[in-house]
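Here the structure comes first, spelled out in C-alpha cells, and everything after it is commentary.
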Amino acid sequence: MTDLPERRAIHRAAVGIGLYAGAFGLTFGAVSVGSGLSLGQTLTLSLLMFTGASQFAFVGVVAAGGSPLAAVAPALLLGLRNAFYGVGLAPVLRPRGLRRLATAHLVIDETTAMSLAQPQPRARRYAFWATGLALFPLWLVGTLVGALLGQAVDLSAYGLDAAGPAVFLALLWPGLRTRLARLVAVGGAAVGFVLVPLVPAGVPVIAAALVAVVAGMLAPIVPHPPAQPAGAPS
Amino acid sequence: MTALWVAVVVAAVGAYLTKLVGLSLPESVLHHPRVQRVAGLLPVAMLSALVVVQLVDGGRRYAVDWHTAAGVGVGVVALLLRRGFLVVFAVAILSTALLRFFLPS
C-alpha cells in the first residue's frame, strides 16, 4: 500500500469515526446496563453483534420488559441491511478464505459508507479496513466505560432515556429522501404506536417491518439514485 | 445459561452470520430491484417504529415522559439544522437531563 494519495484523508476520517464510535459505544454501554443486561452481556453484544442500531433495539426490548427472545427478531431484522452492504462490498474487498470471516465482522454502516465514498478500488479497500480497525476497538472501550459508569450511577436521571430514540432518529433521517420512504416511515411509526398496548414488547417493531415489505413489493418501481447506507456520518 | 444470555448469543451470532452471508453471496442473488427496495425500506420502517415505541411504551400501555419527548424534539431540531450524529444525540440527552433537573414533574 504505497503512494495512495487519499491515505491521509482516510486516516483523518477514520479517526473521527472512531472517536464518534467511542462516544456512541459509551452511551450504548450505559443504556444497556440500565436496561438490565449484565456487564458481560453488554460487552458480548458489542464484541459479537457489533452493529449499533441492532444493539440498541435489543436492549430496548429488554428494558421494556419484553421476553429476551422477543428482542432477537428486531435486532436481526435491523441487521439485515448489513447483508446488502456485504453484497456491494464483496467485489471491492474480494475477501477469501479465513480473511472473509474477519472482513464480515466489520461490514456495518460506517465502514460501508467510508469505503464506497472513495473514488478508486484500492482506496475503497483501504478505507474499509482503516475505518473498521479504528472503530471496533473504540466501540468496545466505549461500551466498557459506559457500562461501568452505568453500574456505578443511575444514569436515567441524566437524560439517558433519550439516547435510544435519538440514535434511531439520527439513523433514520438520511433514509427519508424519497416520498415512498417518508410514507413507509409514517406507516411504520403508526403500526408501532397502535400495537404498543396490544402485543408484547418487541412485536410492534417487527410488525412495522411488514409495512416496508408490503410497500417495497407493491409500489411501482421508479428510477431513483442508489440508496446510501443509513447513518452515514456527516 | 439464563434466557437473556441465550438471547444475547443467538442475536449476536445471527447478526454476524447475516454479515457473512451478504459477503459470500453472488451479487446477482440480492440484485432484484424489489428485493433491494424492501431492504432499503426495512430500516426506515423499523427505526421510525422504534423511535415512537420507545417514547410511548410504558409496558403494554401508553406512558409518555415529556422530558424525554422534549429532549428528542430538540434532537429533531439539530437534525433539521443538519448537525451530525453525535451532536444530535448529545443535545437530546443533555436537554432531557436539563429539563428533568430544572422542571421535575
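The values are calculated or read from the model by the stated rules, or taken from the named source; none is laboratory data. What you see is a predicted model; the values in this text were computed from it and never measured. When we count neighbours, we look across all protein chains shown, and the Cβ atoms used for this are built from the backbone with ideal geometry, even at glycine. Ligands, DNA and RNA are stripped out before the accessible areas are found, and what is left, the full protein with its side chains, is counted by its heavy atoms. Shrake-Rupley method; radii C 1.70, N 1.55, O 1.52, S 1.80 Å.
Some points to look at:
Yes or no, residue by residue, for (1) within 23 Å of A:Pro204 (Cα to Cα); (2) small (Gly, Ala, Ser); (3) at the interface with another protein chain (Cβ under 8 Å from one of its Cβ atoms); (4) open to solvent by less than 10 Å² (accessible area, probe 1.4 Å):
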{"position": "B:Leu42", "(1), (2), (3), (4)": "yes, no, yes, no"}
{"position": "B:Met46", "(1), (2), (3), (4)": "yes, no, yes, yes"}
{"position": "B:Leu50", "(1), (2), (3), (4)": "yes, no, yes, yes"}
{"position": "B:Leu79", "(1), (2), (3), (4)": "no, no, yes, no"}
{"position": "B:Arg100", "(1), (2), (3), (4)": "no, no, yes, no"}
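- Given (1) modelled with pLDDT of 90 or more; (2) open to solvent by 10 Å² or more (accessible area, probe 1.4 Å); (3) part of a helix (DSSP H, G or I), index of the condition B:His67 fails: (2)
- Residue within the stretch B:2-21 that is within 20 Å of A:Val205 (Cβ to Cβ) and of a type in the set (Phe, Trp, Tyr) present: no
- Residue in the stretch A:96-106 that is under 16 Å from the mean Cα position of the chain (by Cα) and not in a loop (DSSP other than H, G, I, E, B) present: yes
- Within the stretch A:180-203, residues that are closer than 21 Å to A:Ala71 by Cβ and assigned to a loop (DSSP other than H, G, I, E, B) have Cβ atoms under 7 Å from residues that are of a type in the set (S, T, N, Q) and open to solvent by 20 Å² or more (accessible area, probe 1.4 Å) in these pairs: A:Pro200/A:Ser67, counting only partners at least 6 apart in sequence or on another chain.
- Selected residue (only one of A:Val72, A:Val62 is among the β-branched types (Val, Ile, Thr), facing chain B (nearest Cβ under 9 Å), within 18 Å of A:Val205 (Cα to Cα) and open to solvent by 20 Å² or more (accessible area, probe 1.4 Å)): A:Val62
- Selection count where residues are out of contact with any Leu (no Cβ under 8 Å at 6 or more places or on another chain) and under 22 Å from A:Ala71 (Cβ atoms), scope the stretch B:21-44: 1
- A:Leu116 open to solvent by 30 Å² or more (accessible area, probe 1.4 Å), touching a residue at least 12 places away in the same chain (Cβ under 8 Å) and within 30 Å of B:Glu27 (Cβ to Cβ): yes
- Close Cβ contacts (under 8 Å, 6 or more residues apart or on different chains) running from residues in the stretch A:124-146 that are among the basic types (Lys, Arg) to residues that are open to solvent by 40 Å² or more (accessible area, probe 1.4 Å) comprise A:Arg124/A:Leu116.
- Scanning the stretch A:160-186 for residues that are open to solvent by 20 Å² or more (accessible area, probe 1.4 Å) and farther than 20 Å from B:Val91 by Cβ yields a total of 8.
- For the stretch A:25-40, a residue qualifies if it is in a helix (DSSP H, G or I) and surrounded by fewer than 24 Cβ atoms within 10 Å (Cβ to Cβ), and the qualifying residues are A:Leu26, A:Val33, A:Gly34, A:Leu39, A:Gly40.
- Residue match in the stretch B:10-31 (condition: modelled with pLDDT under 90, out of contact with any helix residue (DSSP H, G or I) (no Cβ under 7 Å at 6 or more places or on another chain) and facing chain A (nearest Cβ under 7 Å)): no
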